[in-house]
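> Take this structure first; my questions come after.
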Amino acid sequence: MSKTPDPNSTDASGSKSTKEEATIKVPSKDPKKKDDKKDEDLSEEDLALKQQLELYVERAQDADPGLQKVALESMRQEIRTSTSSMTSVPKPLKFLRPHYGTLKGFYEKMPDSDLKKLMADILSVLALTMSAEGERESLKYRLVGSQGEIGSWGHEYVRNLAGEISQEYVKRQSEEASIDDLMELVQQIVAFHMKHNAEPEAVDLLMEVEDLDLLVEHVDNTNYKRTCSYLTSSANLPPTYKLFSFDSGTIVKIGVDLLHYEPYLSNKVLRKPFFPIFSLLWMCQFLSGGSQGVKTPYLPGPDDMLVLDIAYTIYMKFEEYPSALVTALYLDNTQYVKQVFTSCDDLLRKKQFCYILARHGQTFELDEEMCAEDEEREGLQEIINNTKLSEGYLTLARDIEVMEAKTPDDIYKPHLLDGRASAGASVDSARQNLASTFVNAFVNAGFGQDKLMTVPSEASSGGASTSWLFKNKEHGKASAAASLGMILLWDVDSGLAQIDKYFHSTDTHVIAGALLGVGIVNCGIKNECDPALALLAEYIDKEDPSIRIGAIMGLGLAYAGSQNEQIRSKLTPILGDSKASLDVLAFTAISLGLVYVGSCNEEIAQAIIFALMERSESELGEPFARLLPLGLGLLYLGKQESVEATAEVSKTFNEKIRKHCDMTLLSCAYAGTGNVLKVQHFLGQCAQHFEKGETFQGPAVLGIAMVAMAEELGLEMAIRSLEHLLQYGEQNIRRAVPLALALLCISNPKVNVMDTLSRLSHDSDSEVAMAAIISLGLIGAGTNNARIAGMLRNLSSYYYKEANLLFCVRIAQGLVHLGKGLLTLSPYHSEHFLLSPTALAGLVTLLHACLDMKAIILGKYHYILYFLTLAMQPRMLLTVDENLKPLSVPVRVGQAVDVVGQAGRPKTITGFQTHSTPVLLAAGDRAELATEKYIPLSPILEGFVILKENPDYRDDQ
């Protein structure tokens, strides 16, 4: 067989000696041939371009300046006019890559001249693909170049330059070098981005160089809305999830992969759970924080507030007052709110501002500067005081045709249950009557009529209400009397008239309930006469503790968030009274916390601290002692670092309450912030295992939910973390997990959470089961969710012999049908942007009470359930005309879509249906007008929205 010729051989015969083969090293690939092959692959047109560019490179190094200039100009022209697909490098850049080093070397030898600047411009663009990582050559050559129009080199060049500027800025800041030349370039880049619909990139660059004020002069009428929506979402987006290199899907994928191995890690290796969750959170933070490692927020304070300040300034500049007002409320800045009123001259728009303030629960007094005319000012103040809420709510109820009163049996549906359970349900026990009292109150909340408490007109004066009242025993009568306040919710005049008859009772519990009822009726409604204060003040110092508690809790509900000085002066002395019982002290602390929620009031904080210090060790072990730190925490709700001094003081408390107080303060202070380091801190506390269950771990679990409830991704991660707590946590942690899940999904029944709670409702530990049952009611509150209603019916059959668990099932059933499905307990509103502090305070108070269900809610303090009144709001869109009369218009209601930073005009809702107002809005729903006949005065269609006729509208008919 003939020998195969060696392809590397130069000899024609192909025969080489073995010795030669061993000694001569031949390259496996001939570079020349490779280049020839590459050239062969190019089209004629590309080949011509390549040769042309090589000629330009040669000529650019010529000694003749004239030739140099022509060559450089031609090269610049080629680069500028080249277009490319999204996925490939422009051809001139590709062909010039091999010559980058040559041109760089020649540039260094060139004398200073315009030609050198022109060469720098070209090198700056070539550095886009050729520069070594971290060298920032594109920026270096740009700064010494001719400083021509930056956009002429294309978007990709500008983007690359912006990235290099942010790196250079950090370096120069650390060296304290001048940044003037960088800022000139930033000006040009921002102007370019703003003209080309790349507002997010402009904002990101200005954030990197810490000069957001520049933005205000570059926004115009066409792009201010997109710019502001990006700014507000940057501040509102919690801390850690704004990712530069990875999208959220990638992070969740990493998390899922990590969590997949958790059982193995926790059992076999670490002997301590939650390690992968920590890793996940840290990893998220690392990825979002870039090379600097872990950062707490994407925009650490006070930068997040600065960003919102800029958004507010831009909105004011373009007279987008409703959005400016919402931003001012997020900033909690009363001066800004006043500025919105003084800057706007249109009375109708001011009325819309008042509706927004009323929905937020903001106590606000208008002065002459904000509205000069007395009559007009009174009208506006009435709207802020929420006096129209009852009327609007009943308009909605009539439109949906749910005015007819429902009885507890309409909710329990005993006919659907098997024989034994329905027989058990019909037994007339005091505990079941008490449950029916609450169900009746929740279902008919705000409707002004029911079949148990409100007396029919034809009945005699001692009619139905009295007989039902006395079907309850002792403290049950207090809840029954107070339930009348819930039925007449927001209707102050009618409510006070009907509750008045109970004040003449000789039964102290009935009087206590009447006092509480007065507070409930006035909840969220301000009145110049202050009827609640006038009626309740004289009962605060009575000897009977139940009457005192009724009056104190009533004041807390009626004046939540008002920071009323009179209430402070009346209630603070009770905290210093050594003879006052612990329960009275606890309710006083909670009420003061509600009235001064988020105010950081030092006097009240000191009074609560002294009360805690003076109590004996045995008293501090009582369940009610644990509500005192909650009152303290509410003063700092959402105020983050402001709590630090008080938290330091709490470390001096008795060890029985110290840790509990610390957790409660931190969870309240960081509620709604999404601060991942705090979530981590709480998870760390829950990871500790004790011989004897520690009470502080309950507030730590709730803290996870309170911090993470701010946005969707954090919420999903928190739910996942809580499921792992269930798996590995001690019993006291497991009891708190359902309550934390309830807070995360309040009035928003997510299927996975529903399934978890359904599983826990059959738990062998009755406290876990009770917490899960109440939580099922809270996640379905006001939704009429059929699946949850079915689960609860089955549970009522399952637990028909266990009075305590059955009581919880009944409460949950009442909550699911809250306001016959017209109310929500969600503390968020204005498209999940604003968090109502009073609503959150009411929810948190109830959840803390549920941490010790047997002692409080199943004991004689079941009326703590009425703290939910603070969070109750109609989940409606009610459109009104210029005279504030209901106006029915078609609207599209669908699932909200996040369009922040998207190009063009994307649709903001998906899967919509068209209805006529008034309409109900579920969690995550958004509405938009389906007609151009009217213009809404608020960009957010929720609650009361005023419509004015569109002067440009022409009817096609």
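> Which of the residue pairs 350/451; 750/854; 338/388 have a Cα-Cα distance greater than 31 Å in the structure shown? If you can, show how the numbers build up before the last one.
On the way: 350/451 41 Å; 750/854 28 Å; 338/388 22 Å.
Pairs exceeding 31 Å: 350/451.
> How big is the charge dipole of the chain about its Cα centre, in debye rounded to the nearest 20, if each Lys and Arg gets +1 on its Cβ and each Asp and Glu gets -1 on its Cβ?
Roughly 3460 debye, rounded to the nearest 20.
> Using only the alpha-carbon atoms, how far is helix 582-595 inclined from the longest principal axis of the chain? Give it as 0 to 90 degrees, nearest 10.
For 582-595 against the chain, the angle is about 50 degrees.
> Any chance you could run the full-extension gain for residue 208 through residue 108? It's 0.36 nm times the residue separation minus the Cα-Cα distance, nm to one decimal.
Stretched out fully, the residue 208 to residue 108 stretch lengthens by 32.9 nm.
> What FRET efficiency comes out for the pair residue 367/residue 467, r = Cβ-Cβ distance, R0 = 51 Å, nearest 0.05?
Once the sixth-power term is evaluated, E becomes 0.50.
> If the only charges are +1 at each Lys and Arg Cβ and -1 at each Asp and Glu Cβ, what is the size of the charge dipole of region 876-949 around the Cα centre, to the nearest 20 debye?
Result for region 876-949 is approximately 140 debye, rounded to the nearest 20.
> Go through 474-485, 403-414 and give me the packing order, highest mean Cβ count within 10 Å leading. Write out the running numbers ahead of the final one.
Details: 474-485: 26.7, 403-414: 17.0.
Ranking the peptides 474-485, 403-414 by packing returns 474-485, 403-414.
> Can I ask one more? Starting from the coordinates of the alpha-carbon atoms of region 876-949, obtain the Kirkwood hydrodynamic radius over all distinct pairs and give the value in Å to one decimal.
Numbers: mean 1/r = 0.0790 Å⁻¹.
So the Kirkwood estimate lands at 12.7 Å.
> Measuring from a point 7 Å past the Cα of residue 62 along Cα-to-C-beta, which residues in region 91-115 have an amide N at less than 18 Å?
Those under the cut-off are 103, 106-107, 110-111, 114-115.
> Given points 7 Å out from each Cα along the Cα-Cβ axis, report the residue 898 to residue 197 separation in nanometres with one decimal.
Going from the residue 898 label point to the residue 197 one covers 2.2 nm.
> Further, regarding this structure: Between residue 55 and residue 375, what is 0.36 nm times their sequence separation minus the Cα-Cα distance? Round to one decimal in nm.
Taking residue 55 through residue 375 to full extension adds about 106.9 nm, to one decimal.
> If you wrap a convex hull around the Cα atoms of the chain, how much volume per residue is inside, in Å³?
276 Å³
> Follow-up question, since we're still on this one. Which percent of the accessible area of the chain is formed by carbon and sulfur heavy atoms (probe 1.4 angstrom)? Walk me through the numbers before you get to the answer.
On the way: 20190 of 41660 Å².
Taking all protein chains in place, the chain shows 48 percent carbon and sulfur surface.
> Report Rg (one decimal) and Dmax (nearest whole number) for region 618-756, counting Cα atoms only, units Å.
For region 618-756, the Cα-based Rg and Dmax read 14.4, 44 Å.
> To continue, here is another question. With contacts defined as alpha carbon pairs under 8 Å and 6 or more residues apart, what's the relative contact order of region 741-824 in percent?
Working: 123 pairs, mean separation 28.6, N = 84.
In percent, rounded to a whole number, it is 34.
> Here is a further query. Compute the helix-to-body angle for 199-208: its Cα long axis versus the longest principal axis of the chain, expressed 0 to 90° and rounded to tens.
Helix 199-208 sits at roughly 90 degrees to that axis.
> Could you order peptides 694-700, 326-332 by the average number of other Cβ atoms within 10 Å of their residues, highest first?
The peptides rank, most packed first, as 694-700, 326-332.
> Keeping every protein chain present and rolling a 1.4 Å probe, give me the accessible area per residue for the chain in Å².
Working: 41660 Å² over 957 residues.
Averaged over the residues of the chain, the accessible area is 44 Å².
> If the cut-off is a Cα-Cα distance under 18 Å, which aspartates and glutamates reach residue 820, setting aside same-chain residues fewer than 8 apart in sequence?
Of all the aspartates and glutamates, those that pass the test against residue 820 - Cα under 18 Å, at least 8 places apart if same chain - are 391, 399, 401, 404, 409, 410, 450, 491.
> Kindly provide the helix-only [θ] at 222 nm of the chain, computed as the sum of -39,500 (n - 2.57) over DSSP H runs of four or more divided by all residues, to the nearest 500 deg cm²/dmol?
Theoretical 222 nm ellipticity from helices: -17000 deg cm²/dmol.
> Testing the spin-label approximation: label points 7 Å from Cα along Cα→Cβ at residue 614 and residue 45. State their distance in nm.
9.1 nm
> Further question on the same structure: Excluding residue 349 itself, what net charge comes from residues whose Cβ is under 13 Å from its Cβ, given Lys and Arg +1 and Asp and Glu -1? Mind showing how you got there, number by number?
Values: positive: 350, 351, 948; negative: 319, 320, 345, 346, 376, 882.
Every neighbour counted, the sum reads -3.
> For residue 493 paired with residue 80, estimate the spin-label separation in nm (one decimal), with each label point 7 Å from Cα along the Cα-to-Cβ line.
The answer from the label model is 7.5 nm.
> Now for a separate question. Under 18 Å Cα to Cα from residue 195, which aspartates and glutamates show up? Leave out anything in the same chain fewer than 8 places away.
Partners found: 149, 156, 184, 204, 213, 217, 220.
> Something else now. Estimate the FRET efficiency between residue 335 and residue 541 by the formula 1/(1 + (r/R0)^6), using the beta-carbon distance for r and 25 Å for R0, to the nearest 0.05. Don't skip to the answer; put the middle values down first.
Values: r = 38 Å, r/R0 = 1.53.
After rounding, the FRET efficiency stands at 0.05.
> Could you tell me which of 911, 935, 884 has its Cα farthest along the dipole of region 876-949 towards the positive end, charges placed at Cβ (Lys, Arg +1; Asp, Glu -1), taken about the Cα centre?
Farthest along the dipole direction, towards plus: 911.
> Taking 8 Å as the Cα distance limit and 6 or more residues as the minimum spacing, I'd like the relative contact order of region 876-949 as a percentage.
In percent, rounded to a whole number, it is 41.
> Next question, about the same structure. Anything over 23 Å Cα to Cα? Flag those among 413/860; 171/317; 317/885; 885/948, in the order listed.
413/860; 171/317; 317/885
> Can you give me the angle between helix 65-81 and the longest principal axis of the chain, using Cα atoms only, in degrees from 0 to 90, rounded to the nearest 10?
Compared with the principal axis, the helix lies near 40 degrees.
> Using r as the Cβ-Cβ distance of residue 690 and residue 723, and R0 as 30 Å, what FRET efficiency do you calculate, to the nearest 0.05?
On the way: r = 22 Å, r/R0 = 0.72.
The calculated FRET efficiency here is 0.90.
> Explain nothing, just the number: relative contact order of region 722-771, from Cα pairs under 8 Å at least 6 residues apart, as a whole percent.
Relative contact order for region 722-771 comes out at 35 percent.
The values are calculated or read from the model by the stated rules, or taken from the named source; none is laboratory data. If you're wondering where the values come from, they're calculated on a predicted model, not measured in any experiment. Please note: Cβ atoms are built from the backbone with ideal geometry, for glycine as well, and neighbour counts cover all protein chains shown. All accessible areas refer to the heavy atoms of the entire protein, side chains included, with ligands and DNA or RNA removed. Shrake-Rupley method; radii C 1.70, N 1.55, O 1.52, S 1.80 Å.
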